[in-house]
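Below: the structure, in structure tokens.
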Amino acid sequence: MKLTYEQIAEACHENNRAYCHIQGDYSQPAWSHLTPEQKAMNVNGVEFHMADPDVSPKASHHNWVTQKKAQGWKYGVVKDGLKKEHPEMVPYGELSAVDKGKDLLFGSLVNVLRRI
């Protein structure tokens, strides 16, 4: 049985959520509580990686920022869904090692799950 892009996106989201919990960030809702827009962003990330298994974490982050901007998000010191502000709306080089880890894990998991 081949996994769908949405199934891979759900696994990637839940992996990211667990990674955030380890860092003390409990702001990520479970997949079942995401809006359709949030789910679509995750699926887009999967599609981006499925199109090119060698895509870099930097390119993955750029893709994410581009999607967020298209939805009206901008940089903000604190993540705020109502104001559409996010502290990771910066160039990849300005991310912390922890935040860079999210991009690396996302791509790595897509590449593992693409084979299932």
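The values are calculated or read from the model by the stated rules, or taken from the named source; none is laboratory data. Since the structure is predicted, the reported quantities are computational estimates derived from the model, not experimental observations. Here Cβ is always computed from backbone atoms with ideal geometry, including for glycine, and neighbour counts include all displayed protein chains.
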Counting only residues that are of a type in the set (S, T, N, Q) and outside any loop (DSSP other than H, G, I, E, B), which one in the stretch 52-82 is nearest to L109 (Cα to Cα)? S60
Does the stretch 29-51 contain at least one residue that is outside any helix (DSSP H, G or I) and under 20 Å from L104 (Cβ atoms)? no
Looking at the stretch 6-14, can you tell me whether even one residue there is surrounded by fewer than 17 Cβ atoms within 10 Å (Cβ to Cβ) and under 11 Å from the mean Cα position of the chain (by Cα)? yes
Total residues in the stretch 28-40, condition over 12 Å from E6 (Cβ atoms) and surrounded by 10 or more Cβ atoms within 10 Å (Cβ to Cβ): 5
In the stretch 65-92, what residues are at pLDDT 95 or above and closer than 20 Å to I22 by Cβ? H86, P87, E88
Log entry, pairs with first residue in the stretch 42-64 being over 17 Å from R114 (Cβ atoms), second being among the hydroxyl-bearing types (S, T, Y), beta carbons closer than 8 Å, six or more apart or on different chains, reads K58/Y92; H61/Y92; H62/Y92
Residues located in the stretch 93-114, provided they are within 21 Å of R17 (Cβ to Cβ) and either without any contact (Cβ under 8 Å) to a residue 12 or more places away in the chain or touching a His at 6+ places or on another chain (Cβ under 6 Å) (or both): S96, A97, D99, D103, G107, S108, V110, V112
When the residues of the stretch 63-110 are narrowed to those that are surrounded by 15 or more Cβ atoms within 10 Å (Cβ to Cβ) and acidic (D, E), which ends up farthest from the chain's Cα centre (by Cα)? E85
